[in-house]
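Here the structure comes first, spelled out in structure tokens, and everything after it is commentary.
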Amino acid sequence: MIDINRVWSDVKTQLSVNINSIAYMMWIEPLNPHSVRNNVLILITPTLNSKTTINRNYYDIIKKALTSLYSSFSDVRFLLESEIPSDSSYSDDIHDDQLVINTSVGSVKRVCPFISKYTFSNLIEGENNELAKHAALAVSKCPGGAGDYIEFNPLFIYGGVGLGKTHLLHAIGNYLWENFPEKKVLYVPTEKMTNDYIDSISSATKSTDIKAFRKKYRSVDVLMIDDVQFLEKKAGMQDVFFHIFNELYQAGKQIVLSSDRPPKEIGTLEDRLRSRFEGGLLADIQPPGLEMRIAILKHKMLQQKIAANDEVVTFLAEQIDSNVRELEGALSKVVFYSNLLNKPSPDISIAKEALKVDTQKKDVIDPNEIINAVCSYFRIPKSDIIGKKKTKMLVEARMLAIFLITDMLSTPLVTIGQLLGGRDHTTIIHSRDKIQQKIKENKETLIQINDIKSLLSK
Ligand code: ADP
Ligand code: MG
């Protein structure tokens, strides 16, 4: 049975990051979950005015947060209390497990600010993430690092997008919420912290607001900042954060940071901050291998009570080799598609069909157009790019073409290999990763890519 209070509280946690705090207080906070009907979450709005505003300005963002966190929901509706039919008319056409009336509307309780499903037990462990997971667990059991764990402060978790960094931070939060209810734990994405800070210095009541800002960040026992790579190029924020960091650290408070890359790769990060970040434990998360992707899919299917057919699981795990978020997305699509066809559980033909539907929608250009654009950008004949010659320029052109195809289209790796003169799919992966790396290292690569893309739109 779905606990809609929990669902709504998770969605709110997500929204509080994406919506500025005044708008959040005005429009989101007053909403209350009422029930679920045919996979649509019904929320009660207090006034007609708020209903109109929410439908106009916040419908998309609320729906996105809901469906991305809980793939069993397909939509959200806003109703006034007076528009809700009586309970009996509801129960007529829905199953018991679909209807969950919220009985606690209006009652005050301690609301957990962490996304409830991002727990340690829901995070599958494998070679790629075990260091990060164990370090996070150690920190949760002993925040601030008494004795043995002192070197875990700060804990700096880094890894590519969609690999579970935010999940781990919330898992720490959930664990502490359960086991150390007296501890003040603050989780903030870097962008939110930066916005808070900008709001405080640009407000009319500047000095009180800055004080409130400092107090909020300095009065915690555990501070978790997500995606600190966004501190890049924000000298003012770096300075403020440096002081918050030192104060907490010296007071023995736990700091946990996440980033999409290690501190040494965050450009324009002040040295003093970089050395603080590197002063504790650096734990990386690598992309999951095939076995791990299979294990994750099985876990998600079990949770959603979807019969796991080995063929389908393997197919999905092989198709999606980038990150876990995309893996989840592919699974939702397959489940959605099989619901549409009224099939109780997805079989392989449904899975193939569902993912194909996706590729057809996404690909408006042909991979050959990308190859041609790269050739004209480098002024080389197509026979050279698909041929065997290995001059520096040709190797570079080939890698860029491969990267652009993988980035813009959903062409299978094997097909890309064929298009580029029968190259192996491992070569394709290698080239893609190489360019991804180069983009991080130098600006020229990104400029080249944008130039080629602009040729494509002509
Ligand atoms: P990041 O913050 O690194 O971009 P997220 O923490 O948002 O990634 O993770 C993306 C999605 O993948 C989340 O829904 C998360 O629960 C899921 N996920 C990532 N790694 C795992 C894992 N090892 N086991 C189960 N789910 C995972
Ligand atoms: Mg994240």
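So in segment 275-299, with the set limited to residues that are open to solvent by 60 Å² or more (accessible area, probe 1.4 Å) and within 16 Å of F315 (Cβ to Cβ), which one is nearest to ligand 1 (Cβ to nearest atom)? Restricting to residues being open to solvent by 60 Å² or more (accessible area, probe 1.4 Å) and within 16 Å of F315 (Cβ to Cβ), the top hit is K298.
Is one or more of the residues making up segment 244-254 more than 18 Å from F152 (Cβ to Cβ) and either surrounded by 15 or more Cβ atoms within 10 Å (Cβ to Cβ) or β-branched (V, I, T) (or both)? Full working, then the answer.
First pass over segment 244-254, keeping only residues more than 18 Å from F152 (Cβ to Cβ): 244, 247.
Keeping just the survivors that are either surrounded by 15 or more Cβ atoms within 10 Å (Cβ to Cβ) or β-branched (V, I, T) (or both) gives 244.
So far as segment 244-254 goes, yes, one or more of its residues are more than 18 Å from F152 (Cβ to Cβ) and either surrounded by 15 or more Cβ atoms within 10 Å (Cβ to Cβ) or β-branched (V, I, T) (or both).
Within segment 330-346, the presence of at least one residue that is of a type in the set (S, T, N, Q), part of a loop (DSSP other than H, G, I, E, B) and over 21 Å from the mean Cα position of the chain (by Cα) is confirmed.
Here N174 clears all of (1) surrounded by fewer than 19 Cβ atoms within 10 Å (Cβ to Cβ); (2) under 30 Å from H34 (Cβ atoms); (3) at pLDDT 95 or above except the condition numbered (1).
Looking across segment 230-243 at every residue that is open to solvent by 60 Å² or more (accessible area, probe 1.4 Å) and either touching a residue at least 40 places away in the same chain (Cβ under 8 Å) or not assigned by TED's automatic domain parsing to the domain that holds P189 (or both), the one that is nearest to E265 (Cα to Cα) is identified as F230. In a residue-by-residue description of segment 141-154, the property of being in contact with a helix residue (DSSP H, G or I) (Cβ under 8 Å, 6 or more places away or on another chain), open to solvent by less than 40 Å² (accessible area, probe 1.4 Å), over 30 Å from A330 (Cβ atoms) and free of Cβ contacts under 8 Å to residues at least 40 places away in the same chain applies to at least one position.
Within segment 92-130, the set of residues being at pLDDT below 95, open to solvent by 60 Å² or more (accessible area, probe 1.4 Å) and not in a loop (DSSP other than H, G, I, E, B) comprises D92, D96, D97. For segment 261-274, the candidate set comprises residues that are surrounded by fewer than 18 Cβ atoms within 10 Å (Cβ to Cβ) and in contact (Cβ under 8 Å) with a residue 40 or more places away in the chain; within that set, the residue that is nearest to G164 (Cα to Cα) is R261. If you go through segment 180-197 and keep only what is open to solvent by 50 Å² or more (accessible area, probe 1.4 Å) and of a type in the set (K, R), you end up with K183, K184.
The values are calculated or read from the model by the stated rules, or taken from the named source; none is laboratory data. As the structure is a computational prediction, the values presented were derived from the model and not from experiment. Heads up, the Cβs are rebuilt from the backbone with ideal geometry, glycines too, and the neighbour counts pull from every protein chain shown. With ligands, DNA and RNA removed, areas are computed over all heavy atoms of the protein, side chains included. Shrake-Rupley method; radii C 1.70, N 1.55, O 1.52, S 1.80 Å.
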